[in-house]
Amino acid sequence: MSFMKINNCHNIDDFRLMAKSRIPAPLFHYIDGGADDEATLKRNTAAFDDYDLIPNGLADVSKIDLSTTILGEKVSSPLFLSPTGMNRLFNHAGEVATSLAAEKYGYYYSLSTLSSVSIEEIGRLTKAPKMFQIYIHKDRGLTYELIERCKEAKFTSLCLTIDTIVAGNRERDLRTGMTMPPKFTPSSLLSFAMRPRWVYNYLTHESFKLANLEGKTEKGSKESISVIDYLNSQFDTNLRWEDAQKAVEAWGGPFAIKGIMSVEDAKRAVDIGASAIMISNHGGRQLDSSPAPFDLISDIVNTVGGKIEIICDGGIRRGTHVLKALALGANACSMGRPYLYGLAASGQTGVEAVLSNFDAELKRNMMLMGINNLSQLNRSKIRKR
């Protein structure tokens, strides 16, 4: 598939195959893989197939409006870019490419604590709506320092990930020897040698680092370490709702809790004053056999709908997936792997192609459903098989 070009990619599977042909195996499988048997990873997308969309004919669909409001910001799409770490491992432009693509297409953008481009650089680079994602570190002072840096850089919202107190068992990473920064070993050398363009770009551009944590921890910046070991060494396993509430109060603006997987936790998020919840199992990378986010929408909407924004994060591969989630009552959706496939395939051009593809699918399928704006999506437009 090394001959593939970005204009030959017509769906997310095509972008995935092109990404696989462009980057070394450890990096591709880091993007592509999940935890344990990857049952949850597979279910995240398969869940959408249990529902059909209901079209109505003879409607005016001459103008389609995808715009909506997410966390108080007007955006051009109900789909936004989830926070993903270490983007410069997949393409040397990293988060610069992903954030600029999001701004160009009017998408809400999210930056990870584990990004390879700093809060300050993204703040200078783009004025579009953007979220920063935090963890609760063992060093609590570091967490609150990151919050203050986001205020200075004019980020519009904050997101706390609560499902990564310990890393999931990501067996693909163990088999491929995935580390950050990448380590060339006898077992991995062939994989890297087969991707000379990636190796050239990696060696001739700025050295990889966890830009937001530079000088705060040696791990992951100057010494190679597995991602699993890094997560287990840095994040606090004694994370409680009181910690989340303190983070909400310290930020003082739009705040999302990412990793909500139960009605009970959704209610707690409302109680502590969060603005939004992201129904998410971390892309199937943490607890295998947990439910798909899509499967939880109805129960959560029935309980807290109207009290807090509800975002479906995970498994999104088609525009119809977004429409189904919104029809069940979600306010927005977010995705990570699809835009990382685009980034790995062709840098910013690849990310833009992914976003353009989603826009085209959303507009076409709304026309086919007989609706011209997102407010017309409701449970009358969807049925379980």
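Which shape class, rounded, prolate or oblate, goes with region 137-281 when its Cα gyration tensor gives a ≥ b ≥ c as root eigenvalues, a/c under 1.5 marks rounded, and past that a/b bigger than b/c marks prolate? Prolate is the answer for region 137-281, as a/c is 1.5 or above and a/b outweighs b/c.
Only beta bridges with both residues in the chain are counted; by DSSP, about 25 percent of them are antiparallel. What is the calculated FRET efficiency for Leu190 to Asp13, with r their C-beta to C-beta distance and R₀ = 25 Å, to the nearest 0.05? Once rounded, the FRET efficiency stands at 0.45.
Legend: calculated FRET efficiency, Ala59 to Asp37, from the Cβ-Cβ distance at R0 = 51 Å, rounded to 0.05, equals 0.70. Only Cα pairs under 8 Å and 6+ residues apart enter the sum, and on that basis the relative contact order of region 6-384 stands at 29 percent. Over all directions, the projected convex hull of the C-alpha atoms in region 1-158 averages 13.1 nm² in area. Considering only beta bridges that DSSP places wholly inside region 36-188, some 25 percent are antiparallel. For the peptides 307-316, 257-266, residues were scored by their other Cβ atoms within 10 Å and the scores averaged per peptide; the highest-first order is 307-316, 257-266. Here the chain has an Rg and Dmax of 19.9, 63 Å, counting Cα atoms alone.
With +1 on each Lys and Arg Cβ and -1 on each Asp and Glu Cβ, how big is the dipole of the chain about its Cα centre, in debye rounded to the nearest 20? All intermediate terms of the calculation are to be shown ahead of the outcome.
Values: 46 positive and 43 negative charges, 164 e Å.
Dipole of the chain, to the nearest 20 debye: 780 debye.
The distance linking region 140-195 with region 4-38 is 18 Å (Cα centroid to Cα centroid, whole angstrom).
Sort the following peptides by mean Cβ neighbour count (other Cβ atoms within 10 Å, averaged over residues), highest first: 273-285, 336-348. All intermediate terms of the calculation are to be shown ahead of the outcome.
Details: 273-285: 24.8, 336-348: 26.3.
Top to bottom by mean Cβ count within 10 Å: 336-348, 273-285.
All of the numbers you see were taken from the coordinates with simple rules; none came from a lab. Values in this document were obtained by computation on a predicted structure and should not be read as measured data. Because the Cβ atoms are built from the backbone with ideal geometry, glycine has one as well, and the counts that use them run over all protein chains shown.
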